[in-house]
Amino acid sequence: MATIELPSTSTRPAPAGLALRSRLRRLADAAVTPLDLDDVLDVFHPLRAGADLRGRIVSVTPETAESATIVIKPSRDWNGHLPGQYVRIGISVDGVRLWRTYSLTHGPRADRCISITVKAIPDGVVSNYLVHRAGAGEMVQLEQAEGEFVLPQPLPEKLLLVTAGSGITPVIGMLRNLFSRRVPATSDITLVHININESSAIFRDELRAHGEAGRITLIERYDEQHGLLDVDHLIDLVPDLDDRLAYACGPAGLLDALEQHHAARGLALTTERFRTVLVEAGEGGTVAFADGTTLDADGAKPILDVAEEAGVLMPSGCRMGICMGCVLPMKSGAVRDLRNGTITRAVPGETDPAGVPIQTCINAAAGDCSINH
């Protein structure tokens, strides 16, 4: 039997096209030294495939006096999203790169753009920048869409959505998607939408148009007119409450009350929280970093916020104590978990020499502490 000897793959010459591209790449890198070709391409074609995920702001449109919709053209590597999901956005504010998380508020778009709707909060560095200072042409960093606050498929026969304030943002994306289809959704959808007053209600006219068209049953609640909603009286607003699959997004106090209410009735509820509830302040102190920076820290403010406001670049993620993207090692000192008051201590000579991991987004200084960052 004849023996057939196959060529070794390790010595097989590279295809001519690949070799030429590699040579041209080396020549291009040499021509722009000390930069490399990617640095140059970032200037002229920042949204190209293969580059870091970015976006260019296309427009900033006011929704209310303190909120705006920001339309962004993402890089070609944007993977899309499911209605109700969120995106992390990094933006430079006064020379400091800060990251925040916002719900995606658009339905299908032919131009492949994405949109977020931001409400400026008191002392909110990024939210105030996006609402009042950002403009078309500005570049932002992006991460791929995430989140589990999405509707099931197929849709249930009856659905209840409860939103308050900017908690409408993931839900408006859901509605825009449902009612832009060639065959619109036919589920029986009730939306209870809560705001302080009418002037602060984001998407008020759009929601009313859905209600007038019979697509949803819209129940508007305004604290200044109706008082704070007592969730025990939700059954008065939605008589068939027990027959509806429920989703809710809004302030932590409302969500906590709804979760207790639905659990007591044996009902399922899916919630989306933007910020963790902070219930107990520490006594404050100082936070020292490895580079010698020492900051005075309010015992009611997360260390992440204290550092960012002072211009210290910090890792962060969800800012709710969930994703662990903000974890740093504390070498010494004590911090207090603002959700439940739990104290975490790092004692030199007793605890791990590398430091005790803490989440800077939900812990405040409880005395002087030192962080290895």
Can you find even one residue in the range 146-158 that is over 22 Å from Tyr247 (Cα atoms), not acidic (Asp, Glu) and not assigned by TED's automatic domain parsing to the domain that holds Gly90? no
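So, of the residues in the range 242-252 that are modelled with pLDDT of 95 or more and surrounded by fewer than 19 Cβ atoms within 10 Å (Cβ to Cβ), which turns out to be nearest to the chain's Cα centre (by Cα)? Break it down stepwise before answering.
Here is the first cut: in the range 242-252, the residues modelled with pLDDT of 95 or more are 242-249.
Then keep just the ones that are surrounded by fewer than 19 Cβ atoms within 10 Å (Cβ to Cβ); that gives 242-243, 245.
On the way: Asp242: 31, Asp243: 31, Leu245: 24 Å.
My answer is Leu245.
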Read through the list (1) in a strand (DSSP E or B); (2) at pLDDT 90 or above; (3) aliphatic (A, V, I, L, M); (4) not assigned by TED's automatic domain parsing to the domain that holds Leu237, then give the number of the only condition that Leu130 fails. (1)
I need the full set of residues from the range 319-334 which are assigned to a loop (DSSP other than H, G, I, E, B), hydrophobic (A, V, I, L, M, F, W, C) and surrounded by 15 or more Cβ atoms within 10 Å (Cβ to Cβ), in order please. Met320, Cys323, Cys326
Going by the structure shown, is Trp99 of a type outside the set (Asp, Glu), in a strand (DSSP E or B) and either crowded, with 18+ Cβ neighbours inside 10 Å or over 14 Å from the mean Cα position of the chain (by Cα) (or both)? yes
Specify the residue that is nearest to Ile172 (Cα to Cα); the eligible residues are those in the range 216-229 that are at pLDDT 95 or above and charged (D, E, K, R). Glu220
Condition first: farther than 23 Å from Lys119 by Cα and touching a residue at least 40 places away in the same chain (Cβ under 8 Å). Now tell me which residues in the range 230-257 satisfy that. Leu234, Leu237, Val238, Asp240, Leu241, Asp243, Arg244, Leu245, Ala246
Check the range 311-318 and report whether any residue there is among the hydrophobic types (A, V, I, L, M, F, W, C) and either outside any loop (DSSP other than H, G, I, E, B) or modelled with pLDDT of 95 or more (or both). no
Leu175: part of a helix (DSSP H, G or I), within 25 Å of the chain's Cα centre (by Cα) and crowded, with 18+ Cβ neighbours inside 10 Å, yes or no? yes
If Leu255 meets every condition in (1) touching a strand residue (DSSP E or B) at 6+ places or on another chain (Cβ under 7 Å); (2) surrounded by fewer than 20 Cβ atoms within 10 Å (Cβ to Cβ); (3) under 22 Å from Leu228 (Cβ atoms) apart from one, which number is that one? (2)
If you take the residues in the range 199-213 that are at negative phi and touching a residue at least 60 places away in the same chain (Cβ under 8 Å), which one is surrounded by the fewest Cβ atoms within 10 Å (Cβ to Cβ)? Ser199
So which of Asp291, Asp296, Asp305 ends up being among the acidic types (Asp, Glu), outside any loop (DSSP other than H, G, I, E, B), surrounded by fewer than 18 Cβ atoms within 10 Å (Cβ to Cβ) and at pLDDT 90 or above? Asp296
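For the range 185-279, give me every one of the helices (runs of 4 or more DSSP H) that falls completely inside it and has 2 or more residues that are under 30 Å from Thr342 (Cβ atoms).
Working: elements: 204-212, 223-226, 234-237, 252-265.
Qualifying helices (runs of 4 or more DSSP H): 252-265.
The values are calculated or read from the model by the stated rules, or taken from the named source; none is laboratory data. Not measured: the values here are computed from a predicted model. Cβ atoms come from the backbone with ideal geometry, glycine included; neighbour counts cover every protein chain shown.
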